[in-house]
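Comments concern the structure below.
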Amino acid sequence: MTRTKTAVAYARFSSELQKDRSIDDQVALCENIARQHGYRLVKVYHDRAKSAATMFERDGLLDLMKDTKAAKFDAVICESLDRISRDQEDLAGIHKRLRFREIALITSEGVTTDIHVGVRGIVGSMFLTDLSAKVRRGLNGRVREGKIPGSVTYGYRCVPGKPGEREIDPEQAKIVLRIFNEYASGKSVREIAAGLTRDGIPTPRGGKHWVYQTFMCGRQGGRGMFGNVLYTGKIVWNNSRTVLNPETGRKLKRRTKAEDVIEIDAPHLRIIPQTLFDRVNAMARDRARSMFGGSGKRPGGNPERSVRDSLLRGMLTCGVCGSHMRVAQKARDGSPRVACAVADQTGECSHRKTYTLSVLATTLLDGLKTHLTDPAVLISITRGFHDEMAQSRKAVRVDRDATQRQLNRVNVQLDRYVTAIGETDQPVTILMERIKKLEQERVGLTEKLRLIDAENAGNVVELHPKAISQFAANIETLHAALTTIDDPETAEPFRVAFRNLFETVKVHPTEPREPYELTPFLRISAVTGINLFPPMRSPKEILADQGVACSDLYNSGKP
């Protein structure tokens, strides 16, 4: 009996202004294409309001590519190749992976070949470049007419019936003038933010708490309210451009060439006198130099970077107001100290003590060994977990979405490094090291996602003696590894397991020089899951999974 060949459909539209009907129309076309080629459509993958310029953030396409590894179908059908991607690199990589698994890619033009991919890749790339140029040209023309594309700056409002035109909002303009005058009189940005918050004045986004970064941010305070020349009655457009990092999918700002910047006088929009504006910005530069030296840069680089590799990354919350803890300063030895973000930025939280990050980690590790190997404690935590489950649903959903986005980025990065290794004639040692690190991150995020889904489903009912015993043994192993292993690569799997153990860690205020007091919130699914250390693929296995044979790699002379 001849097996019926199966296929899946992929549909996408790029703009939120388009409608879901576009997906339905594309699927109907894919069903017709499937019948013509003798396939039975078994599943539909889709992405709504997602650009084809990149694979990042496209859950539907990434799910499709993940399922191709299991060879669940014989063909992928879509309306046209630009639904898959308009990026030459991505389109070629997707076609290569489908061909390796003997899965056909079919569009309204027929079965896709290398020629189709080459031509459509060039056409798609040219389309994006041309579209970008035309949009920029249109926006530049509106600016030359004295109009302002984009969002409305605080202190102004739209002119009804005249798109792009702005006028001064009298009430907000008073607040802007107050902010400039208070800074010029000697107040700090934190004092200004606290005063606005106390007076109940809504923030530019309608919130309750003002933060000092609204007024000045970036190097020497060059951005924010204090750096916005629109307040002096001058429109400056195209001062920077946005580029997409092809490795991470993150958007970065870069300065444009001086000749591409457009400046238009708009005296009717002046809120701040030029003399006051210049004085405020001179004071901001002087304060930056006095705090950080002649360059105005923070010494030793951004302190946030020093927390990225911490065991407690993203886990700490304030025990008073519940907001996250952030790096607020550095200790004399250069180690980062964290504080409640609300207390540090607005002064609206009473929890103003700062904590050495490394000491917080040591405190949590010691408590982990002392308490989480006690069956009575684990059973008590389980009961508390069930009581708190309903209250934590919303936070779990937010955590899951963020974790899924991170995992998507890592999977795309892994695919790109594998493709680069398979196609380059250059030494691949550095790429292989990067693949190892990405695999560690992928495994940790995958396990975290599994734990979140288990808790969200409410599957955790009881802790069995075997689970308690195994978990206690894992904790002993975890503590020993994190307190004795110095090599970062060897320690990384244990660091990943540690981060997945907890949802959050509350930091409670204590008196000066008193021991730190923490309340960790354990993921109970990590206890019942037994295995805290999921296996990782070797670089050889990752390459083989994508059709790159290590023997071929080394026989070609690539070190």
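The values are calculated or read from the model by the stated rules, or taken from the named source; none is laboratory data. Bear in mind the structure is a predicted one, so any value in this text is a computation, not a measurement. When we count neighbours, we look across all protein chains shown, and the Cβ atoms used for this are built from the backbone with ideal geometry, even at glycine. SASA here: full protein model, heavy atoms, side chains in, ligands and nucleic acids out. Shrake-Rupley method; radii C 1.70, N 1.55, O 1.52, S 1.80 Å.
So what's the gap between the Cα centers of the range 138-190 and the range 485-523, to the nearest angstrom? If we compute the Cα centre of each part, the gap is 44 Å.
Rounded to two decimals, what is the ratio between the C-alpha radius of gyration of the range 40-183 and 2.2 N^0.38 Å? Please list the in-between numbers first.
Details: Rg = 23.3 Å, N = 144, 2.2 N^0.38 = 14.5 Å.
Output field value: 1.60.
The ellipsoid equivalent to the alpha-carbon distribution of the range 164-292 has semi-axes of 25, 20, 17 angstrom, derived from the gyration tensor eigenvalues as √(5λ) and listed largest first. A simple packing score, the average count of other Cβ atoms within 10 Å per residue, orders the peptides 359-367, 5-13, 490-498 as 5-13, 490-498, 359-367, with the highest score first. In order along the range 400-412, the phi-based Karplus estimate (6.51 cos²θ - 1.76 cosθ + 1.60, θ = phi - 60°) of 3J(HN,Hα) comes to 5, 4, 5, 5, 4, 5, 4, 5, 4, 4, 5, 4, 5 Hz; Gly and Pro are listed as x.
With coordinates expressed along the principal axes, the C-alpha atoms belonging to the range 34-108 extend over 31, 23, 19 Å, beginning with the largest.
On full extension, the segment bounded by Arg537 and Arg205 gains 115.0 nm, given 0.36 nm per residue less the C-alpha separation. Seen from Leu230, the other residues with C-beta closer than 10 Å to its C-beta sum to a net charge of +3, counting Lys and Arg as +1 and Asp and Glu as -1. Once the convex hull of all Cα atoms in the range 120-207 is built, its volume per residue stands at 175 Å³. A simple count of charges around Glu348, restricted to other residues whose Cβ falls under 14 Å of its Cβ and scoring Lys, Arg +1 and Asp, Glu -1, yields +1. Of the solvent-accessible surface of the range 1-146, computed with a 1.4 Å probe over protein heavy atoms with every protein chain present, carbon and sulfur atoms account for 52 percent.
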